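Here is the structure we will look at, set down as structure tokens.
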Amino acid sequence: MSSGNAVVVVGSGLAGYNVARELRKLDAEVPLVVVSRDAAGFYSKPMLSNALASKKTPATLVMKDAAKMAAEINARIVSNTGVQAIDTAAQTITLADGEVLPYRDLVLALGADPLRLPIQGDAADTVLSVNDLDDFARFAEALDTAAGGQPAKRVAILGAGLIGCEFANDLLAREIQPTVFDLADRALPRLLPPEASARLQAKLEAGGATFRFGVGVSAVNRGAQGQGGLVLTLTDGSTVEADLVLSAVGLRPRTHLAAEAGILTGQGIMVDRQLATNRAHVYALGDCAEVDGHCLPYVMPLMQQARALAATLSGKPTPVAYPAMPVVVKTPAWPTVVCPPPARAEGQWQVVSSDEAIEARFLSTANPEQLLGFVLQGKAVSQRQALAGLVPSLLG
């Protein structure tokens with residue numbers, strides 16, 4: 001396969017593989033290369049935070065290996081290989097093994113890295129994050145062996161946001177009672193109104209989880225010899241013991257490769273509505289991309305991006321559109337759906353609650369009849385599609 005006129009996709013996550021699949025639907029002939037820094041198997045990253053309850057292993061999470069994906073999308077897949085540099089003038093990328101790969105169009109689907117907290121202590125290097133399949137494999141192994149070769153029973157989770165709460169719920173399926181720490185004053189403070197935060201917390205606590213708010217972890221040290229385990233020093237000076245520490249404090253888009261090539265970056269790799277960067281023939285999508293000022297690390301925006309970019313790459317320039325895109329929080333202990341209002345929207349929450357449901361609507365200050373976002377919990381999640389139809393598009 002000649003790559004001089006190829007579309008080269010860097011990244012084999014949901015963003016990379018979905019834009020490749022969508023492109024193949026529209027263009028069966030264009031040479032296609034996917035470069036992956038891991039084994040390039042196809043799996044769904046969102047499944048990592050509920051894999052324990054689903055009894056999934058790292059192996060069974062992979063739906064198709066690299067060979068099957070290569071056949072499915074008729075592409076060359078370069079696995080376990082990083083990218084050293086991008087030359088936008090020559091339209092080439094240099095791989096870690098020295099190969100120089102020319103491109104007609106380059107698609108950056110680089111993803112994001114977990115934020116790292118400045119944790120001290122002789123066991124700070126044992127703090128885990130789960131951001132990809134290899135991370136999950138390390139986490140699953142640690143759960144089985146962390147307590148002196150025995151299964152972990154005490155897991156500390158740093159961060160009470162979306163991923164932290166999802167992992168807390170998932171650990172309950174393993175009969176592990178996690179403790180969740182956050183400097184904020186409640187769960188999912190950026191996504192939920194206080195009433196909804198409190199109910200989610202109560203349901204997870206009823207299942208065995210513990211929450212500690214207004215406090216973080218400043219150090220992780222190994223326990224005294226013979227005792228095993230870890231000792232966590234908290235920001236208030238107190239200590240707690242755990243067998244395993246999982247950090248879930250957020251993600252930072254991977255931008256350094258693009259920045260080194262002179263591609264504009266902000267919070268993410270900056271692209272316009274056609275997912276184009278400031279360099280010709282270079283595009284970005286997924287968790288690494290900042291689309292017209294928006295960074296949305298969720299599956300639905302990614303799918304909208306993949307379809308639009310595939311059309312553009314096949315010769316039909318197509319701007320991405322963002323309809324209302326509700327996010328399902330994977331907390332079966334208390335089903336929750338969030339359609340966040342725009343970041344700078346002016347309005348207030350109107351909350352109706354009962355024992356079986358919470359329905360919260362974010363209404364515009366300027367027009368109190370205009371729904372700008374919502375949160376549905378419990379039995380109210382059945383209203384997701386009806387309310388989504390009332391929320392204006394984020395990008396029309």
Legend entry - Contour excess over end-to-end distance, with Cα ends at D135 and A202 and 0.36 nm allotted per residue: 21.2 nm
Inset, instruction - Set the Förster distance to 22 Å, then compute FRET efficiency between L115 and T235 from the Cβ-Cβ distance, nearest 0.05. - result: 0.85
Inset, instruction - Might you report the magnitude of the Cβ-based charge dipole of the chain about its Cα centre, with Lys and Arg at +1 and Asp and Glu at -1, to the nearest 20 debye? - result: 640
Legend entry - Space enclosed by the convex hull of the alpha-carbon atoms of segment 261-361, per residue, Å³: 117
Inset, instruction - Over the chain, consider all pairs of different Cα atoms and compute the Kirkwood hydrodynamic radius from their mean reciprocal separation; express it in Å, one decimal. - result: 22.5
Inset, instruction - Count the DSSP beta bridges whose two residues both fall in segment 72-213, then state the antiparallel fraction as a percent rounded to the nearest 5. - result: 55
Inset, instruction - Based on the mean of other Cβ atoms within 10 Å per residue, sort peptides 275-286, 89-100 so the most packed one is first. - result: 275-286, 89-100
Inset, instruction - May I ask you to derive the FRET efficiency for T365 and A386 from their Cβ-Cβ distance with R0 = 25 Å, giving the value to the nearest 0.05? - result: 0.60
Legend entry - Electrostatic dipole magnitude of segment 5-154 [Cβ: Lys, Arg +1; Asp, Glu -1; Cα centre; debye, to 20]: 560
Legend entry - GluC sites (Glu not before Pro) within segment 133-237: DSSP coil, no more than 15 neighbouring Cβ in 10 Å: E175
Legend entry - Simple Cβ-charge dipole of segment 121-232, Lys/Arg +1 and Asp/Glu -1, about Cα centre, in debye nearest 20: 380
Inset, instruction - Would you give the gap between the C-alpha center of segment 298-317 and the C-alpha center of segment 108-140, rounded to a whole Å? - result: 29
Inset, instruction - Could you pull out every one of the lysines with an alpha carbon less than 16 Å from that of K45, ignoring same-chain neighbours closer than 8 positions? - result: K55, K56, K64, K330
Legend entry - segment 47-186: mean projected area of Cα convex hull, nm²: 12.2
Inset, instruction - Once you have all Cα-Cα distances for segment 36-88, histogram them in 10 Å bins from zero and send the whole-percent values. - result: 22, 41, 28, 8, 1
Legend entry - Interchain or long-range residues, amide H under 5 Å from G229's placed H: G148, G223
Legend entry - Cα gyration tensor category, rounded, prolate or oblate, for segment 201-245 with a/c compared to 1.5: oblate
Inset, instruction - Grab the beta carbon distance between R190 and T126, set R0 = 35 Å, and tell me the FRET efficiency rounded to 0.05. - result: 0.80
Legend entry - Where trypsin sites (Lys or Arg not before Pro) fall in DSSP loop in segment 167-225, at most 12 other Cβ within 10 Å: R190
Inset, instruction - Take the solvent-accessible surface of the protein heavy atoms, probe 1.4 Å, and return the percent of it on the chain that carbon and sulfur atoms account for. - result: 50
Inset, instruction - Determine the distance separating the Cα centre of segment 1-48 from the Cα centre of segment 146-191; give it in Å without decimals. - result: 33
Legend entry - Near-label residues of segment 118-137 by backbone N, under 14 Å of a point 7 Å along Cα→Cβ of T145: 137
Legend entry - Inter-probe distance in nm under a simple model that places probes 7 Å from Cα toward Cβ, at T60 and S353: 3.7
Legend entry - Label point distance in nm, L95-T210, each placed 7 Å from Cα along Cα→Cβ: 5.0
Inset, instruction - Calculate, in nm to one decimal, what D292 and R104 gain on full extension: separation in residues at 0.36 nm each, minus their alpha carbon distance. - result: 65.3 nm
Legend entry - Other-chain or far-sequence residues with amide H under 5 Å of G347's (modelled H): T365
Legend entry - Sequence-distant residues sharing a close amide H with L110 (under 5 Å, placed H): L285, C288
Inset, instruction - Extending each Cα 7 Å along its Cβ direction at M300 and A53, get the distance between those two points in nm, one decimal. - result: 2.0
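The values are calculated or read from the model by the stated rules, or taken from the named source; none is laboratory data. Predicted model only: the values in this text are computed from it and were never measured. Backbone-built Cβ (ideal geometry, glycine too); neighbour counts: all protein chains shown. Quick note on the areas: whole protein, heavy atoms, side chains included, nothing else; ligands and nucleic acids left out. Shrake-Rupley method; radii C 1.70, N 1.55, O 1.52, S 1.80 Å.
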